1. Can you name every residue in segment 251-266 that is surrounded by fewer than 17 Cβ atoms within 10 Å (Cβ to Cβ) and in contact (Cβ under 8 Å) with a residue 24 or more places away in the chain?
2. Need a quick list: helices (runs of 4 or more DSSP H) entirely within segment 209-323 having at least 1 residues that are basic (Lys, Arg) and closer than 30 Å to residue 377 by Cα.
3. So, in segment 167-177, how many residues would count as being in contact (Cβ under 8 Å) with a residue 40 or more places away in the chain and surrounded by fewer than 22 Cβ atoms within 10 Å (Cβ to Cβ)?
4. Name the residue, out of 152, 201, 178, that is modelled with pLDDT of 85 or more and either assigned to a helix (DSSP H, G or I) or over 30 Å from residue 322 (Cβ atoms) (or both).
5. When residues of segment 27-52 are filtered for being within 14 Å of residue 106 (Cα to Cα) and in contact (Cβ under 8 Å) with a residue 60 or more places away in the chain, how many remain?
6. Take the conditions closer than 30 Å to residue 355 by Cα and either free of Cβ contacts under 8 Å to residues at least 60 places away in the same chain or exposed (fewer than 14 other Cβ atoms within 10 Å of the Cβ) (or both) and apply them to residue 287. Does it pass?
7. Quickly run through segment 95-132 and pick out the residues that are basic (Lys, Arg) and either buried (at least 18 other Cβ atoms within 10 Å of the Cβ) or not in a loop (DSSP other than H, G, I, E, B) (or both).
8. Can you say whether residue 138 is in the same structural domain as residue 49 (by TED's automatic domain parsing) and crowded, with 17+ Cβ neighbours inside 10 Å, as far as the supplied structure shows?
Amino acid sequence: MIPHVSRPLRAVAVAACAMLAGCAQLSPDAGFDRLAQTSTERLGQAPAWNRTPEQGQASQDRVTRLLQADGSAGPTATRLTSADDAVQIALINNPELQAAFAELGVAEADLVQAGRLPNPGFSFARTHAGDDIKIERSLSLGLMRLLTMPATARIQQRRFEQVRLSLAARVLALAAQTRQAYYQAVAAQQGLTYQQQVADTADAAHELAAQMARLGNISKLDAAREQFFYGQAQASLQQAQRLAAQDKETLARLLGLAPDFALPAQLPALPAQLDALGDVEQQALQQRLDVQAARTELEGLQGSLGLTRATRLVNVLDLGALRTSESGKPPEIGYEISIEIPLFDWGQARVAKAEAIYLQGAHKLAGAVLDARAQARLAWRQRQDAYALARRYRDQLLPLRQRIAEENLLRYNGML
């Protein structure tokens, strides 16, 4: 039983508790829609979180549709035709990404828990002395936890936002890795096709040189050169086969699939020119999700530090209502307050720990900003160099290799 208070005040207290309890509710998707929206804005493609068997089956059906049937390779063969399809498959089928999405549910559960009212405590005691019976009842509530609930909820809200940003950054990173792995696998397969052609030419030249050497039509030096070229071509072919299998396995692992799908025979054509990117460093600082996550984490740590400092001396404060009944006497009604006395622990260690964690977060943010700037500059330079190198291969080296192959073929035909 609680001490007597006016009915309006009691109604207000009950309504306030109901409102506080009602605000802390789990969402159906744990905030996944916002993460998917971020992915759609950045990539034009959205991930899927397979939380139920029905959602998992829907994702598998979509993977089947994205892997187009390849009738030329058999009735059950499939072909992955574009990098965009590869990225979409990874976003809905990569098992490591699916496991990471569970962090969103954990963070939301912590957020909801921080907004829940603490459970009250009830105690009952019955004593007797002869015929006299004494009954004590008390109902208590953790007042300190109730007072710090708004601050704790804000801290958990920032942590939830930080987890969401970190997962969104992981989605973008997986998309970039998958796109790179797709192009690398196609390039390795195209290189294998070229090395197979070189090996076939070297095999024919080696066989002809061996016949001519037995007849004495070429010198031992020329025969040795042809034999060396043949051995080198076979070694290059083995290396190309290994790289093609390795790169395809890497792609399949990112997709969450077995490497039994076919790939295009060659890479898409180079663009006529690269798009202008503007100030890449400024864009990185504004758009990098890991930088935003580090900044949000630091804000949460700042709130935790303030809460720790505010509660360093008084960390436990309970308020309770009492009712005592004793034989032959009227009931006694009152209240009790329980407080922790900071006699041995003044909270310095907790404050020092919070300060160290906050300082660590500040340095992490500074490091994330520094990494973002450096990686943006390096990525821009690599993009320019890769485009220039690809154009050099397309315009100069590949035509020369084609001419050499044609001349070798003419030479071989002329020796027949």
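1. 260, 264, 265, 266
2. Numbers: elements: 220-255, 280-287, 289-310.
Here the list reads 220-255, 289-310.
3. The total comes to 5.
4. 178
5. Residues in segment 27-52 being within 14 Å of residue 106 (Cα to Cα) and in contact (Cβ under 8 Å) with a residue 60 or more places away in the chain: 4 in total.
6. yes
7. In the first step, residues of segment 95-132 are kept if they are basic (Lys, Arg); the result is 116, 126.
Correct list: 126 only.
8. Working: in the same structural domain as residue 49 (by TED's automatic domain parsing): no; crowded, with 17+ Cβ neighbours inside 10 Å: yes.
In short, no.
The values are calculated or read from the model by the stated rules, or taken from the named source; none is laboratory data. Since the model is a prediction, treat every value here as computed from it, not as a measurement. Note that each Cβ is placed from the backbone with ideal geometry, even for glycine, and that neighbours are counted across all protein chains shown.
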